[in-house]
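Asks: Structure incoming, see below.
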Amino acid sequence: DIQMTQSPSSLSASVGDRVTITCRASQGVVNYVAWFKQKPGKAPESLIHSASKLQAGVPPKFSGSGSGTDFTLTISSLQPEDFATYYCQQYAKYPLTFGQGTQLEIK
Amino acid sequence: EVKLLESGGTLVRPGGSLRLSCAASGFNFQIYGMNWVRQAPGKGLEWVSAFSGDGLTTYFTDSVKGRFSISRDDSNHTLYLHMNTLRAEDTAVYYCARDLWGGYFDSWGRGTLVIVSS
C-alpha cells in the first residue's frame, strides 16, 4: 500500500498568514494527489485534484504543487473559516490512501 | 446540484450485520464510480470500498475484505455497503463519495454513524 505522510500534524497560524502543508508518498504517484478540508462534525470538502488543479468553486487562495512523491498545499491570507483539518490523498493505486491529517489552528 | 444522502447507520452488536445506503441525485449516477470512506471517532479518513463507473470492478481495503460488499442500483440511484461480522473497530462515520475519475472524490455526503458495541 502507498503510505501518505503529512507534515506537520498540527500548525498554529494567525489570520492573514500564509501556510504550507506537505505530503510525502511512499512511492511515486505521478500527480494523482488530492487535498481535502474538513471542519469538526462536517463532511470533507474537495479542494484540489491532480496535485495542483482547483476543484470548481474553490477560491485561488488554495494552491497545490508537486509530482512524484512530494506534494504541498499552500493557503494564503488565512481567514477564520480556513482553520480546519486538511488531508492529502493518493489515487494512483488501490487501495486509495489518505495522509493522517494536518490540524490548522488559530494562534 | 450533486446530492449524496447516506442512511442506515445505527448501533449494532459485534458480529452483527448492517446495510448502509447512499441515495444520489443531481447527476447521471450510472456513469460514475462511487466510494465509501469512513472516519473513526477522533481519527482521520480511511477509504473503505469503491465501485467502478463501468460497473465491472469493486475494490476494498484489506481490513474489510471478506466481510463487506458493495453494490449499486442504478435504476434507483443508490449505492449500498453491506457490512457483515462487524467489529468494534468498524465504528465510524461512513461517507459516500462520488468518484469524478480514477479515485478522485469531488462530492461527499454528510455521513451516517455506525457504532459497533455490546
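Asks: Test of understanding: among B:Asp90, B:Asp99, which residue is without any contact (Cβ under 8 Å) to a residue 60 or more places away in the chain and surrounded by 19 or more Cβ atoms within 10 Å (Cβ to Cβ)?
Replies: On the way: B:Asp99 fails: without any contact (Cβ under 8 Å) to a residue 60 or more places away in the chain.
Exactly one of B:Asp90, B:Asp99 is without any contact (Cβ under 8 Å) to a residue 60 or more places away in the chain and surrounded by 19 or more Cβ atoms within 10 Å (Cβ to Cβ), namely B:Asp90.
Asks: While we're here: So which residues in segment B:62-78 are more than 23 Å from B:Thr10 (Cβ to Cβ) and either outside any loop (DSSP other than H, G, I, E, B) or open to solvent by less than 50 Å² (accessible area, probe 1.4 Å) (or both), if there are any at all? Outline the logic, then answer.
Replies: Start the filter on segment B:62-78 by keeping residues that are more than 23 Å from B:Thr10 (Cβ to Cβ), which leaves B:62, B:65, B:74-75.
Hits for segment B:62-78 are B:Asp62, B:Asp74, B:Ser75.
Asks: Please indicate, with yes or no, whether at least one residue in segment A:53-72 is part of a loop (DSSP other than H, G, I, E, B), modelled with pLDDT of 95 or more and within 10 Å of the chain's Cα centre (by Cα).
Replies: No, segment A:53-72 contains no residue that is part of a loop (DSSP other than H, G, I, E, B), modelled with pLDDT of 95 or more and within 10 Å of the chain's Cα centre (by Cα).
Asks: So, one more: Is one or more of the residues making up segment B:40-61 charged (D, E, K, R), at pLDDT below 95 and assigned to a loop (DSSP other than H, G, I, E, B)?
Replies: Within segment B:40-61, the subset charged (D, E, K, R) is B:43, B:46, B:54.
In the following step, the residues that additionally are at pLDDT below 95 were identified as B:54.
Then keep just the ones that are assigned to a loop (DSSP other than H, G, I, E, B); that gives B:54.
So far as segment B:40-61 goes, yes, one or more of its residues are charged (D, E, K, R), at pLDDT below 95 and assigned to a loop (DSSP other than H, G, I, E, B).
Asks: What is the residue count in segment B:1-39 for residues that are assigned to a loop (DSSP other than H, G, I, E, B), open to solvent by 70 Å² or more (accessible area, probe 1.4 Å) and without any contact (Cβ under 8 Å) to a residue 60 or more places away in the chain?
Replies: The total comes to 2.
Asks: Okay, moving on. For the subset of segment A:41-52 comprising residues that are outside any strand (DSSP E or B) and in contact with a Ser or Thr (Cβ under 8 Å, 6 or more places away or on another chain), which member is least open to solvent (accessible area, probe 1.4 Å)? Give the steps one after another, and end with the answer.
Replies: Pass one, segment A:41-52, residues outside any strand (DSSP E or B): A:41-44, A:50-52.
When the remaining residues are screened for being in contact with a Ser or Thr (Cβ under 8 Å, 6 or more places away or on another chain), the result is A:51-52.
Values: A:Ala51: 1, A:Ser52: 67 Å².
Top of the filtered list is A:Ala51.
Asks: Among the candidates A:Ser67, A:Ser10, A:Ser26, A:Ser77, which residue alone is surrounded by fewer than 16 Cβ atoms within 10 Å (Cβ to Cβ) and on the phi > 0 side of the Ramachandran plot? Break it down stepwise before answering.
Replies: On the way: A:Ser67 fails: on the phi > 0 side of the Ramachandran plot; A:Ser10 fails: on the phi > 0 side of the Ramachandran plot; A:Ser26 fails: on the phi > 0 side of the Ramachandran plot.
A:Ser77 is the lone residue from the list that is surrounded by fewer than 16 Cβ atoms within 10 Å (Cβ to Cβ) and on the phi > 0 side of the Ramachandran plot.
Asks: Okay, next question. When you go through A:Gln103, A:Gln79, A:Gln89 one by one, which is the residue that is at the interface with chain B (Cβ under 8 Å from one of its Cβ atoms) and modelled with pLDDT of 95 or more?
Replies: Values: A:Gln103 fails: at the interface with chain B (Cβ under 8 Å from one of its Cβ atoms); A:Gln79 fails: at the interface with chain B (Cβ under 8 Å from one of its Cβ atoms).
When all the criteria are applied, what remains is A:Gln89.
Asks: A further question on this structure: When you look at B:Leu81, is it within 14 Å of chain A (Cβ to nearest Cβ), surrounded by 17 or more Cβ atoms within 10 Å (Cβ to Cβ) and in a strand (DSSP E or B), yes or no? Steps first, please.
Replies: On the way: within 14 Å of chain A (Cβ to nearest Cβ): no; surrounded by 17 or more Cβ atoms within 10 Å (Cβ to Cβ): yes; in a strand (DSSP E or B): yes.
So B:Leu81 fails the test.
The values are calculated or read from the model by the stated rules, or taken from the named source; none is laboratory data. The shown structure was predicted, so the numbers you read here are calculated from the model rather than taken from an experiment. Note that each Cβ is placed from the backbone with ideal geometry, even for glycine, and that neighbours are counted across all protein chains shown. Areas reflect the complete protein model, heavy atoms only, side chains present, ligands, DNA and RNA absent. Shrake-Rupley method; radii C 1.70, N 1.55, O 1.52, S 1.80 Å.
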